[in-house]
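First the structure, in the form of structure tokens, and then the observations on it.
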Amino acid sequence: MKKISLFLIAILFMASGLNAQTLIKIGEETKSITTGKRMKSGFDGYFNITDMGLMIGSTDNSRVAPFSFITTNGLHLTEQFSAGLGVGVEFPAGSYMPIVIDLRYYIRNTAFSPFLSIYGGYALPLDDDNGYYGGSTAWDTDGLDSYYEYTPYEAQGGFILNPGFGIRSLVGDDFGVIFSVGYRFQRLYYKADKDRQMIADYNRLTLKVGITFR
Amino acid sequence: MKKYIIYPTILVIALISSCEDRVTEIFTGNSPIYMSYEDLRQSIKQVEARDLDDPGKLYFKDNYIFIVEEMQGLHIIDNAEPRNPVNISFIEIPGIADLAVKGNILYTDSYIDLVALDISDLSNIHELSRVENILPYTIPRFNEQYPVAMVDEDKGVVAEWEIKKVKQKIENSYYPVYRGGWNVMAEDSGGKVSGGGGVSANGIGVGGSMARFGISENTLFAIDNTTLHIFSISDGENPEFRNDFSVGWGIETLFILGKNMFLGSQNGMRIYDISVPNSPMYISDFWHATGCDPVVVQDDLAYITLRGGNTCGNEVNQLIVVSIKEIAEPEELKAYPMEGPYGLGIDGSTLFICDGDAGLKVFDVTDPLAITDHQLAIFPDIFGYDVIPVKDVLLMIGDDGLYQYDYSDVTDIKLLSKIEVRN
């Protein structure tokens, strides 16, 4: 319940961020951005990026393409460099709330610009039971029958690191769309009884679309 | 513009194919120590007699008692004088769980192999042949306080376990997989026993009610939890695999009487006609509460014990008497409460039941509707697993040894001897 409450608070925080940024006028020299003409990117301004997409992996994986949603609020530290704090919800194996620090470098300070990004942080579990099967072999007491034992692991959360690149295309003074591709490494920890633990390393390709407000 | 699309697309495709998850489990558990298949097939040898340590299945032929030392080998007891049985030899047979004997050839399992041994000369027991990789993969007992690491069957069989930190990669699809179990062999439990000294070239031995192998004429049957494995032993020295036959789920014991085979399962008794041994024909089922349930049959009556608890299902502990006069429609005559019965055996009107902590019980079953009213004897201090009543001598294997009783006078059953288990 505490985790769910935390998640709801985070959602409220995100929503307030969206409202706030629409009220802020960033950049005094914003011009016809659709033409790609040089413009001030509002380096001292607040921004929000809200994106969603899939974390795609091999078809051999238990979940081939779980969903990811992250909203990031931050500041442009320079014209081309931004830093923000993101929260969201993802479902790599069960439900998690990622809390990440997001760093982006825009290669051009124009309305249409590629960028490099990296974000990393920690994923908090939202479910106690992530429905994950432990895999050790169980045998009956006479040692003659075997089967895979169901071990109800409790999710402990884990680390996220997601470098990538993408394109930002501004279509208005305060609005733009973002496409990004990245590599996601995520290590999630699970714990069962005694000293039994499980570590799940996810290697995924992230494909995301999003919107940005400036 | 194109380069911003084409290059990432190529990269995406390349990356996706290599994006595999890796799930690792870490725990302190039973880690396997393997014996290679090559070593396994060179491992059977006869050695000096050794003390009973972890006795399992019991088998009797002629004047000899064979006692399985779980997964280790086979004790041979010269029982020419039941008052003074002599432990004469031990055969190291890794992975043994049960046995059956026809003539002077002993059939046993060695992990995944069926092995034929020549026992015509008990001082020179040797392997005649084996059918390789035909029985289910089994493991030795493990420390139940700890989980068990995954077993790589390509590395060989599990000879033993060691408790250590285990770190293992596990697959992503963790849906329970039942690999099928295996136990032992029985024999034609209702067969006649030949007399005389030594292991004769004729006749079929007698196993207990917990047996999973059976011999009927020239066919050896072996069951695991789901499958009846059928071997021809027409050429006794060279058993040949004939067929695998699906017999349901949770099969535990096998009893052959004449042309009928009675399989004890966790949910009932299943009856097959084995007139055509390579293709048993289903006759009927008798369903009961879930439990561990050996079966013995005599004439028109089947005696089934149910034991509950642990892996055996619910808490029902009973002796059930079933009429098989109409074998296509077995009918329960009466059920009697028991404490926690294991094996049982019958000889004429005398029924022997290893009733767990309640001890060994002996009943007169002349009136199958009033069996518990005719209890002949009880030995409350004996925790027995299985019995073989043969020629007025009851062989009983328990947790502390092999007992032999003289029941020629059922009103005065006397202990003849005991071979202790080493502590």
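Coordinate-derived values only; no laboratory data. Please read these numbers as outputs of a predicted model, since none were measured by experiment. When we count neighbours, we look across all protein chains shown, and the Cβ atoms used for this are built from the backbone with ideal geometry, even at glycine.
Here are a few things to note about the model shown:
- Mean partner shielding of peptide A:199-206, defined as the number of other chain Cβ atoms within 10 Å of each residue Cβ, is 5.
- 5 angstrom amide H check on B:Thr219, placed H, neighbours 5+ away: B:Ile233
- Structure remark: mean-square fluctuation, Gaussian network model of chain B, C-alpha springs under 10 Å; the largest value among B:Val86, B:Val101, B:Val297 belongs to B:Val86.
- Hits among aspartates and glutamates - C-alpha to C-alpha of B:Lys155 under 18 Å, sequence gap 8 or more where chains match: B:Glu38, B:Asp39, B:Asp113, B:Glu132
- Couplings 3J(HN,Hα) for the range B:210-222, derived from phi with the Karplus relation 6.51 cos²θ - 1.76 cosθ + 1.60 (θ = phi - 60°), are 8, 5, 10, 10, x, 10, 10, 6, 9, 10, 9, 10, 9 Hz, where x marks Gly and Pro.
- Three-way shape label, chain B, alpha-carbon gyration tensor, a/c 1.5: prolate
- A simple rule links phi to the HN-Hα coupling: the Karplus curve 6.51 cos²θ - 1.76 cosθ + 1.60 with θ = phi - 60°, which for the range A:177-187 gives 10, 9, 10, 9, 10, x, 10, 10, 10, 9, 10 Hz, with x for Gly and Pro.
- The mean number of Cβ atoms from other chains found within 10 Å of a Cβ in peptide B:91-102 is 0, as a whole number.
- Long-range HN-HN contacts of B:Asp54 with modeled amide H, under 5 Å: B:Glu70
- Counting only residues at least eight positions apart within a chain, or on another chain, the aspartates and glutamates with an alpha carbon under 17 Å from that of A:Lys208 are A:Asp51, A:Glu90, A:Asp102.
- For chain B, modelled as a GNM whose springs connect Cα atoms under 10 angstrom apart, the maximal fluctuation among B:Gly95, B:Gly248, B:Gly214 occurs at B:Gly248.
- Listed pairs B:Lys259/B:Lys325; B:Lys57/B:Lys418; B:Lys57/B:Lys259; B:Lys45/B:Lys361 exceeding 26 Å between Cα atoms: B:Lys45/B:Lys361
- For the range B:402-407, putting each phi into the Karplus relation 6.51 cos²θ - 1.76 cosθ + 1.60 with θ = phi - 60° gives couplings of 9, 9, 10, 10, 8, 10 Hz, in residue order, rounded to whole numbers and with x for Gly and Pro.
- The range B:296-355: GluC sites (Glu not before Pro) in DSSP loop, at most 10 other beta carbons within 10 Å: B:Glu326
- In chain B, the longest principal axis of the Cα atoms and the axis of helix B:2-18 are about 20 degrees apart.
- Neighbour-count order for B:Tyr282, A:Tyr190, B:Tyr336, fewest beta carbons within 10 angstrom listed first: B:Tyr282, B:Tyr336, A:Tyr190
- The local environment of B:Asp300, defined by Cβ-Cβ distances under 12 Å, has a net charge of -2 under the rule Lys, Arg +1 and Asp, Glu -1.
- Estimated Rh, the range B:11-127: Kirkwood, alpha-carbon pairs, angstrom: 16.7
- Summarising the amide proton neighbourhood of B:Lys61: residues at separation of 5 or more, or on other chains, whose placed amide H is nearer than 5 Å comprise B:Phe66, B:Val206.
- The relative contact order of the range B:236-379, computed from alpha carbon pairs under 8 Å that lie at least 6 residues apart in sequence, is 13 percent.
- Under the criterion of Cα pairs below 8 Å and six or more residues apart, the relative contact order for the range B:34-89 equals 27 percent.
- Residue mean of other protein chain beta carbons inside 10 Å, B:142-153: 3
- Candidate aspartates and glutamates - alpha carbon under 15 Å from B:Lys391, same-chain residues fewer than 8 apart omitted: B:Asp62, B:Glu81, B:Asp347, B:Asp406, B:Asp409
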